[in-house]
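Data first, discussion second: the structure below is written as structure tokens.
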Amino acid sequence: MITLALSKGRIFDDTLPLLRAANIEVLDNPETSRKLILDTNQPGVRVVLVRASDVPTYVENGGADLGITGRDTLIEHGGQGMYQPLDLQIAKCRISVAVRADFDYERAVKQGSRLRVATKYVAIAREFFAAKGVHVDLIKLYGSMELAPLTGLADAIVDLVSTGNTLKANHLVEVERIMDISSRLVVNQASLKLKQAPIRALIDAFAKAVAERS
Ligand code: PRP
Ligand code: MG
């Protein structure tokens, strides 16, 4: 049995065509079903639905043989314990710094002010501002980062930007792009040895599908 860990939403939706290219059809729809283990048309392959930030934990510790997770999540988790054979080029977005439209970010940086930065991406934010030589107080949040500058909790946020609609709707502006993000395939190291043939076949089918799309 091969277990693939996915999270609901963009990553799940964008993974379905890749699975199809490997002749795998997921038989349940996570939007309408409450099941967490989804069967596929292949008796030897199943999908487990986990929180996006839990995918690396499942794969690293053998709760799943493979997983698909954003580069953001992988950096925050630390991906050393897993193989990362493939950038799937799906769920593309970026991690940026954003502030209220009336906050003069450039000036604050130039003056060497201490910035209060709210984010789910503490490791990425710490590294980015350290490299810039900007002193920051990091405030860890788990979602809806955009609220922080609006309520006075923080001066800036570090968050994912895709369409930019959430920033716009909350009168925030993107002032720096930190990095581009896409989703990666991650593989448990023991699984790759013990289940080499089926996992290699899956990696190859994904790689071919990714190459054909770009
Ligand atoms: C993500 C991200 C941004 C938004 C970006 O939030 O944290 O808020 O999507 O997308 P956009 O640029 O297309 O508007 P999500 O809705 O996943 O919720 P969360 O931050 O509360 O986890
Ligand atoms: Mg959000």
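The values are calculated or read from the model by the stated rules, or taken from the named source; none is laboratory data. Because the structure is predicted, anything quoted here is derived from the model rather than measured. Ideal geometry is used to build each Cβ from the backbone, glycine not excepted, and the neighbour counts take in all protein chains shown.
Among the residues making up segment 161-173, those that are in a strand (DSSP E or B) and within 12 Å of ligand 2 (Cβ to nearest atom) are Val161, Leu172. Scanning segment 121-135 for residues that are over 15 Å from Ser96 (Cα atoms) and either within 16 Å of ligand 1 (Cβ to nearest atom) or in contact (Cβ under 8 Å) with a residue 24 or more places away in the chain (or both) gives a single hit, Val134.
Restricting the search to strands (runs of 3 or more DSSP E) fully inside segment 1-102 and requiring at least 2 residues that are within 20 Å of the chain's Cα centre (by Cα) and either modelled with pLDDT of 95 or more or farther than 30 Å from Ala130 by Cβ (or both) gives 2-6, 45-49, 66-70, 82-87, 93-100. Answer with yes or no whether Asp137 is out of contact with any helix residue (DSSP H, G or I) (no Cβ under 7 Å at 6 or more places or on another chain), within 30 Å of Leu19 (Cβ to Cβ) and either assigned to a loop (DSSP other than H, G, I, E, B) or not small (Gly, Ala, Ser) (or both). No; evaluated as a whole, the condition is false for this residue.
Taking each residue of segment 136-162 that is closer than 11 Å to Val99 by Cα and looking for partners that are within 13 Å of ligand 1 (Cβ to nearest atom) and in a helix (DSSP H, G or I) with beta-carbon atoms closer than 6 Å, six or more apart or interchain, yields Glu146/Thr166; Ala154/Ala148; Ile157/Ala148.
Answer yes if at least one residue in segment 191-198 is over 17 Å from Asp65 (Cβ atoms), of a type in the set (Ser, Thr, Tyr) and either within 16 Å of ligand 1 (Cβ to nearest atom) or assigned to a helix (DSSP H, G or I) (or both), and no otherwise. Write out each step before concluding.
If we filter segment 191-198 for residues that are over 17 Å from Asp65 (Cβ atoms), which is where we start, we get none.
Within segment 191-198, not a single residue is over 17 Å from Asp65 (Cβ atoms), of a type in the set (Ser, Thr, Tyr) and either within 16 Å of ligand 1 (Cβ to nearest atom) or assigned to a helix (DSSP H, G or I) (or both).
Among the residues of segment 174-197, at least one is at pLDDT 95 or above, within 15 Å of ligand 2 (Cβ to nearest atom) and either more than 25 Å from Tyr58 (Cβ to Cβ) or not hydroxyl-bearing (Ser, Thr, Tyr) (or both).
Test of understanding: among Ala131, Ala156, which residue is under 22 Å from Lys110 (Cα atoms) and buried (at least 16 other Cβ atoms within 10 Å of the Cβ)?
Values: Ala131 fails: buried (at least 16 other Cβ atoms within 10 Å of the Cβ).
After applying the criteria, what remains is Ala156.
Might you check whether a residue that is exposed (fewer than 14 other Cβ atoms within 10 Å of the Cβ) and in contact with a Ser or Thr (Cβ under 7 Å, 6 or more places away or on another chain) occurs anywhere in segment 49-59? Scanning segment 49-59 turns up at least one residue that is exposed (fewer than 14 other Cβ atoms within 10 Å of the Cβ) and in contact with a Ser or Thr (Cβ under 7 Å, 6 or more places away or on another chain). For the residues Thr32, Thr69, the requirement of being in contact (Cβ under 8 Å) with a residue 60 or more places away in the chain and hydroxyl-bearing (Ser, Thr, Tyr) singles out Thr69.
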